[in-house]
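First up is the structure itself, then whatever we jot down about it.
The values are calculated or read from the model by the stated rules, or taken from the named source; none is laboratory data. Since the structure is predicted, the reported quantities are computational estimates derived from the model, not experimental observations. Cβ: placed from backbone, ideal geometry, glycine included. Neighbour counts: every protein chain shown.
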Amino acid sequence: MAGTGRAALHDDAVLRVVDLVVEYPLDRKNVVHAVSGVTFDIQKGTTLGIVGESGCGKTTVGRAIMQLERPTSGSVELDGADVTQMTRRELRAARRSMQMIFQDPVSSLNPSRRVKDLVREGLEVWGLSEADMPPGRIDDLMASVGLGGPAVGERRPHEFSGGQCQRIRIARALVTDPEVLILDEPASALDVSVQAQILNLLEDLKEEFGLTMLFISHDLAVVRNVSDRVMVMYLGKVCEIAPNSSLFDQPTHPYTRALLASIPGHQLDLPPAAELISGEIPSPIDPPSGCRFRTRCPHATERCAAEEPTLVETSPGHFTACHYPHH
Amino acid sequence: MAPVDATAVLNDVGERAAVSPSADIASTGASQSTPPPRALGVTFWLAAGWIAVLLFVAVFADLLPVRDPDALGIRTREVEKFERPGWNAPFGGDGVGHDQFARVIAGTRPALIIGISVTLIGGLIGMAVGLASGYLRGKLDAVSALLIDMALAFPGLVLVIAVRAAFGNSIYVFVALFSVASVPAYARIVRGATLSLSERAFVDVAQAMGASKLRILWRELAPNIAVPALAFAFIGFALVIVAEGGLAFVGLSLDQITWGQLIADGTGEINEHPHVSLIPATVMFLTILSFNLVGDGIRSHFAPREVATRRRFRTEGPPSPSSGGSTLRVDQLRTTLHTQSGDVRVVDDVSFELDAGDCLAIVGESGSGKTMMLRSIVGAFALADVTRSGTVEVEGTDMLRIAPDELRSVLGSHIGMVPQNPLTALNPVRRIETQIIEPMRAHRSISKSQARAEALELMQHVGIPDPERRLRDYPHQLSGGMRQRITIAIALANQPKLLLADEPTTALDVTVQDQILRLLLGLQRDLEMAMILVTHDLAVVRGFADRVAIAYGGQLVESGTIERIFNDPKHRYTAALLSSVPDLELEPHSRLVTIEGQPPPLIDPSPGCRFAPRCPAATDLCHTTEPERTDDEDRWFRCHFPVTGDAEIETAGSRSTRPADAIRAETQGVN
Ligand SMILES: Nc1ncnc2c1ncn2[C@@H]1O[C@H](COP(=O)(O)OP(=O)(O)OP(=O)(O)O)[C@@H](O)[C@H]1O
Ligand code: SF4
Ligand code: SF4
Ligand SMILES: [Mg+2]
């Protein structure tokens with residue numbers, strides 16, 4: 001779009017991101033436009049999936065919500081409070097109710113610590129101890145994520161498989177009882193059979209703890225499985241945001257259609273991918289004017305170069321940022 | 001590609017693959033499967049023993065029943081001038097009849113005091129500087145990095161000599177001097193380790209959890225730096241002792257007896273009475289050696305190398321009789337890696353054939369041995385001690401038993417390889433043109449201009465726009481997709497009969513993956529090549545290959561046409577694997593079928609079926625007897641109790657019509 005626009009927002013959202021912009025200065029003249037005006041929200045107890053190709057800004061959105069990157073502009077509201085305006089102390093408190101799980105499960109655990117300490121640490125950084133929590137909280141959590149048994153807590157991460165490390169990370173993220181969980185490719189580094197375990201586990205935990213989730217992945221089949229709504233990003237912009245089934249059954253943005261058509265062995269009713277997309281992704285340092293997808297879009301016209309499309313509702317709850325959406 | 005490049009390509013897939021058999025064992029979770037840290041070995045313990053003896057001597061020097069080191073033999077008559085080593089004086093006497101044994105013992109304490117204090121003071125300051133500058137970065141880092149570099153470039157010994165001359169010869173001066181001089185080296189090594197550690201995600205995670213910088217430094221980074229720093233400290237210790245010896249030699253030693261002094265004192269008489277110098281020199285040498293050995297031992301103990309440290313390839317047993325005809329014939333291929341933790345059976349009784357124009361996908365989870373199957377065909381292993389048996393024939397040539405130079409020419413002319421990561425597979429400092437032309441000229445006698453013309457044609461073939469200009473580019477000037485097109489062009493440079501592609505699109509985006517796979521499969525069909533496509537992605541297999549083989553625990557458990565396998569899997573593992581993958585046709589929030597338990601160990605695998613510990617249908621027979629190969633229409637499988645296709649178990653094709661929980665209950669069972 002791809003585009004900007006607030007049409008897709010809800011009143012009862014737990015997390016609301018408005019006009020988020022993240023730019024990384026490269027040198028005196030150039031900046032990387034990693035995220036350029038992204039707006040979306042997530043309703044309580046639901047999962048929003050973000051898909052897009054490498055470098056489209058998915059991870060940056062997650063990190064900016066956590067304030068691991070300070071956004072260049074825009075706001076991130078958690079339960080109505082803007083975390084971008086918070087002082088360090090307020091932010092520390094806010095982070096308790098937002099947790100992020102990173103892509104690589106093994107390297108995101110400190111290899112020299114015991115598992116139980118790693119989970120407990122989720123509390124300690126808040127100046128809390130096990131005593132502040134309901135008795136057995138940590139053991140219960142370890143059991144919830146499938147790491148029950150007394151001996152497990154004594155071991156160190158390198159003794160665990162990738163799937164088990166991811167369970168540890170999840171337990172640690174949940175120890176402060178967060179409201180929002182951001183997951184960046186939580187299962188991509190895992191084997192398929194283990195990936196299935198983690199995806200099932202996340203669904204169970206979402207029920208058990210009433211979590212609101214932001215699920216970032218490049219794998220469309222995985223996003224299809226876990227999400228309630230799906231947002232497609234391209235080069236730092238939102239292309240399309242829609243309920244899960246609606247997005248996969250009636251994709252309207254040309255980029256979404258190309259992305260879906262590229263899934264190997266898919267059974268969707270789409271022309272071959274080669275007819276829907278051409279060329280290479282442009283540099284985020286100097287993105288195209290107007291619609292950022294126009295250099296690769298088979299339907300692009302002069303209007304697409306001149307005017308940036310905004311998100312428009314094409315069917316109930318289904319928003320697309322394209323001048324000529326597919327019907 | 002040229003033979004050299006062929007190995008390089010595989011090494012790229014490689015570092016991971018070479019280590020993966022045991023690394024995967026390491027990751028299988030159960031306590032028994034954690035590899036034991038590398039054994040420390042006799043030399044380490046001898047060295048540690050020597051250090052222990054030195055420590056004992058240093059502490060109890062005054063209580064030991066030896067002579068006064070300063071007693072003059074010429075006066076006491078107890079030790080002769082230049083007495084030879086013997087019962088009376090084990091290390092002999094020096095020019096004034098000092099008992100050398102007593103003097104060497106007296107020198108132990110200063111040596112250790114200097115070594116330990118310098119290492120502690122210099123090491124701790126260096127570690128603090130290195131940690132802070134590596135983690136906090138910014139201006140602090142810029143300044144300290146500059147200071148470190150300047151300090152390391154400065155001729156430290158000159159400074160030490162000058163200051164030592166000015167401030168006298170007390171041990172404190174010495175310690176202070178050497179501590180200061182050793183800070184930069186420690187700081188540098190710790191800074192490097194910190195920089196790379198703080199790239200790791202757990203630092204981000206700690207920050208995301210709200211941990212303070214100090215806490216991250218202390219709790220997250222410092223413990224991980226401790227081991228490399230400790231290893232370096234032992235080596236640093238040895239350096240301090242060497243330095244003291246050096247200073248003694250130029251007459252700038254301490255006001256106490258030191259080994260360096262003893263050596264220096266004896267050098268005047270080195271021709272007539274060599275023992276006076278040589279014995280303390282030997283003690284010093286053994287000490288330095290011991291500290292180095294212990295330092296190295298610590299380092300390698302905590303960073304175990306899974307693969308053998310030597311390279312040795314062997315072939316066992318006779319080949320099976322050749323049937324001729326097929327492009328690639330693999331028969332009862334077995335590959336064993338001999339490692340520190342044991343023999344890893346990475347490929348175990350694998351057989352298949354490929355004709356011209358065939359494309360076989362080998363699919364499996366990590367550690368199932370799929371990459372090793374490819375490497376076993378071409379005999380490219382990183383650093384390893386490998387035994388292969390069975391048969392691999394490429395165009396009728398026995399790949400396991402031919403001479404190395406012949407192997408190189410077969411590799412270069414009959415086999416093309418497409419690597420996983422195009423970025424690391426291409427040489428960053430050489431032009432695309434050179435990298436395509438080189439393999440051509442290595443295996444065919446063609447002129448440079450002819451090779452260039454062919455390269456141009458290849459570039460067009462693999463869909464590179466403006467090939468003239470691109471030939472002169474360097475790899476970094478191209479996008480990931482373009483680079484992968486180049487590696488395909490290189491693989492095709494000598495019109496190979498067999499194309500081996502290991503995860504060729506795993507590093508690429510889905511829209512690019514689609515383009516590259518279409519290109520690769522199109523070329524394979526047009527040029528009638530046989531091709532193996534190794535991947536973990538079932539969707540890719542389903543969308544692109546003709547035939548598939550499923551790898552599990554170093555074996556192939558089932559193989560057949562895509563149709564047959566995807567619609568009607570027979571082996572229990574195949575069936576479970578197919579239904580564990582999320583699929584677009586599945587309703588959102590469907591429960592996925594999982595396979596409980598862990599992949600099997602490749603060291604001492606259990607007898608019987610490798611899948612038995614995780615298989616819900618396993619019986620005693622499965623645990624004791626390896627299933628034979630059963631041939632079925634368009635496929636074969638190895639399972640005692642294959643899926644029958646009735647209501648008993650679901651298959652991938654029809655599962656979306658059934659509640660996933662029911663499937664799950666059926667497929668889990670045992671664990
Ligand atoms: N620290 C940084 N400095 C400069 N550029 C950056 C930095 N981090 C990210 N970028 C750039 O910002 C853009 C978006 O990156 P981001 O990591 O958010 O992408 P992504 O969608 O998560 O990709 P992937 O699928 O590869 O994880 C990319 O062009 C990336 O190169
Ligand atoms: S039609 Fe125009 S606005 Fe729509 S995606 Fe293509 S270029 Fe963008
Ligand atoms: S042989 Fe036995 S254990 Fe192995 S897959 Fe078949 S039924 Fe399961
Ligand atoms: Mg990312």
Criterion violated by B:W259 - all others in (1) of a type in the set (F, W, Y); (2) surrounded by fewer than 21 Cβ atoms within 10 Å (Cβ to Cβ); (3) in contact (Cβ under 8 Å) with a residue 12 or more places away in the chain satisfied: (2)
Need the failing condition index for B:L252 against (1) surrounded by fewer than 21 Cβ atoms within 10 Å (Cβ to Cβ); (2) without any contact (Cβ under 8 Å) to a residue 60 or more places away in the chain, just the number. (2)
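How about the range B:604-635: which of its residues are over 27 Å from B:T336 (Cβ atoms), surrounded by 15 or more Cβ atoms within 10 Å (Cβ to Cβ) and more than 10 Å from ligand 3 (Cβ to nearest atom)?
Going through the range B:604-635, the residues over 27 Å from B:T336 (Cβ atoms) turn out to be B:616-617, B:619-620, B:631-635.
Filter once more, keeping what is surrounded by 15 or more Cβ atoms within 10 Å (Cβ to Cβ): B:616-617, B:635.
If the condition is that a residue be over 27 Å from B:T336 (Cβ atoms), surrounded by 15 or more Cβ atoms within 10 Å (Cβ to Cβ) and more than 10 Å from ligand 3 (Cβ to nearest atom), then B:R635 is the only one that fits.
Can you tell me which of B:L556, B:L517, B:L533 is within 16 Å of ligand 3 (Cβ to nearest atom), not acidic (D, E) and not in a loop (DSSP other than H, G, I, E, B)?
Exactly one residue qualifies, and that residue is B:L556.
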Contacts under 8 angstrom Cβ, first residue in the range A:281-308 being free of Cβ contacts under 8 Å to residues at least 12 places away in the same chain, partner among the charged types (D, E, K, R) and surrounded by 15 or more Cβ atoms within 10 Å (Cβ to Cβ), 6 or more apart: A:A300/A:R294
B:L499 passes all but one of the listed conditions (1) assigned to a loop (DSSP other than H, G, I, E, B); (2) crowded, with 20+ Cβ neighbours inside 10 Å; the exception is number (1)
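Does the range A:237-263 hold any residues that are away from ligand 2 (no atom under 14 Å from the Cβ), of a type outside the set (A, V, I, L, M, F, W, C) and more than 17 Å from B:G543 (Cβ to Cβ), and which are they? Spell out how you get there, then give the answer.
Start the filter on the range A:237-263 by keeping residues that are away from ligand 2 (no atom under 14 Å from the Cβ), which leaves A:241-250, A:260-263.
From the residues that got through so far, the ones that are of a type outside the set (A, V, I, L, M, F, W, C) too are A:243-246, A:249-250, A:262.
Across the range A:237-263, the qualifying residues are A:P243, A:N244, A:S245, A:S246, A:D249, A:Q250.
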Would it be correct to say that B:G357 is within 18 Å of B:A530 (Cα to Cα), surrounded by fewer than 16 Cβ atoms within 10 Å (Cβ to Cβ) and touching a helix residue (DSSP H, G or I) at 6+ places or on another chain (Cβ under 9 Å)? yes
Which condition breaks for B:V96 when tested against (1) touching a helix residue (DSSP H, G or I) at 6+ places or on another chain (Cβ under 6 Å); (2) aliphatic (A, V, I, L, M); (3) assigned to a helix (DSSP H, G or I)? (3)
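Take the conditions more than 28 Å from A:Q197 (Cβ to Cβ), in a loop (DSSP other than H, G, I, E, B) and either within 13 Å of another protein chain (Cβ to nearest Cβ) or not β-branched (V, I, T) (or both) and apply them to A:H266. Does it pass?
Values: more than 28 Å from A:Q197 (Cβ to Cβ): no; in a loop (DSSP other than H, G, I, E, B): yes; either within 13 Å of another protein chain (Cβ to nearest Cβ) or not β-branched (V, I, T) (or both): yes.
No: the conditions fail for A:H266.
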Might you check whether a residue that is at pLDDT below 80 and in a loop (DSSP other than H, G, I, E, B) occurs anywhere in the range B:441-457? no
Got a number for residues in the range A:209-252 being touching an Asp or Glu at 6+ places or on another chain (Cβ under 9 Å), of a type in the set (D, E, K, R) and farther than 12 Å from B:P588 by Cβ? 2
Quick one: how many residues across the range A:66-77 are within 12 Å of ligand 1 (Cβ to nearest atom) and among the hydrophobic types (A, V, I, L, M, F, W, C)? 1
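B:Q555: within 27 Å of the chain's Cα centre (by Cα) and modelled with pLDDT of 85 or more, yes or no? Let's see the steps before the verdict.
Details: within 27 Å of the chain's Cα centre (by Cα): yes; modelled with pLDDT of 85 or more: yes.
Yes.
Given B:T535, B:T506, which one is among the β-branched types (V, I, T), surrounded by fewer than 24 Cβ atoms within 10 Å (Cβ to Cβ), within 11 Å of chain A (Cβ to nearest Cβ) and closer than 24 Å to B:V347 by Cα?
Values: B:T535 fails: surrounded by fewer than 24 Cβ atoms within 10 Å (Cβ to Cβ).
Going through B:T535, B:T506 in turn, just one is among the β-branched types (V, I, T), surrounded by fewer than 24 Cβ atoms within 10 Å (Cβ to Cβ), within 11 Å of chain A (Cβ to nearest Cβ) and closer than 24 Å to B:V347 by Cα: B:T506.
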Given (1) crowded, with 20+ Cβ neighbours inside 10 Å; (2) out of contact with any Asp or Glu (no Cβ under 6 Å at 6 or more places or on another chain); (3) at pLDDT 90 or above, index of the condition A:T47 fails: (2)
In the range A:52-85, anything under 12 Å from the mean Cα position of the chain (by Cα) and more than 16 Å from ligand 2 (Cβ to nearest atom) is listed as A:G57, A:K58, A:T59, A:T60, A:V61, A:G62, A:R63, A:A64, A:I65, A:M66
Do you know which residues across the range A:275-327 are within 14 Å of A:C239 (Cα to Cα), acidic (D, E) and surrounded by fewer than 17 Cβ atoms within 10 Å (Cβ to Cβ)? A:E313
Exception for A:G45 within (1) among the small types (G, A, S); (2) within 15 Å of ligand 1 (Cβ to nearest atom); (3) within 14 Å of another protein chain (Cβ to nearest Cβ) falls at (2)
Is it true that some residue in the range B:573-592 is modelled with pLDDT under 80, more than 16 Å from ligand 4 (Cβ to nearest atom) and among the hydrophobic types (A, V, I, L, M, F, W, C)? no
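Would a scan of the range A:276-296 turn up a residue that is away from every other protein chain (no Cβ under 11 Å), more than 22 Å from A:G74 (Cα to Cα) and touching a strand residue (DSSP E or B) at 6+ places or on another chain (Cβ under 9 Å)? Before the answer, list the steps.
Initial filter on the range A:276-296 (away from every other protein chain (no Cβ under 11 Å)): A:284-295.
From what's left, more than 22 Å from A:G74 (Cα to Cα): A:293-295.
So of that shortlist, the ones also touching a strand residue (DSSP E or B) at 6+ places or on another chain (Cβ under 9 Å) come out as A:293.
Taking every residue of the range A:276-296 in turn, at least one turns out to be away from every other protein chain (no Cβ under 11 Å), more than 22 Å from A:G74 (Cα to Cα) and touching a strand residue (DSSP E or B) at 6+ places or on another chain (Cβ under 9 Å).
Are any residues in the range B:602-623 part of a loop (DSSP other than H, G, I, E, B), in contact (Cβ under 8 Å) with a residue 24 or more places away in the chain and farther than 16 Å from B:Y573 by Cα, and if so, which ones? Steps first, please.
As a first pass, look at the range B:602-623 and keep what is part of a loop (DSSP other than H, G, I, E, B): B:602, B:604-611, B:615-619.
Adding the requirement that they be in contact (Cβ under 8 Å) with a residue 24 or more places away in the chain leaves B:602, B:604-605, B:609-611, B:615-618.
Result: B:L602, B:D604, B:P605.
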Just to be sure before I move on: is A:G37 within 16 Å of ligand 1 (Cβ to nearest atom) and surrounded by 15 or more Cβ atoms within 10 Å (Cβ to Cβ) in the structure I sent? yes
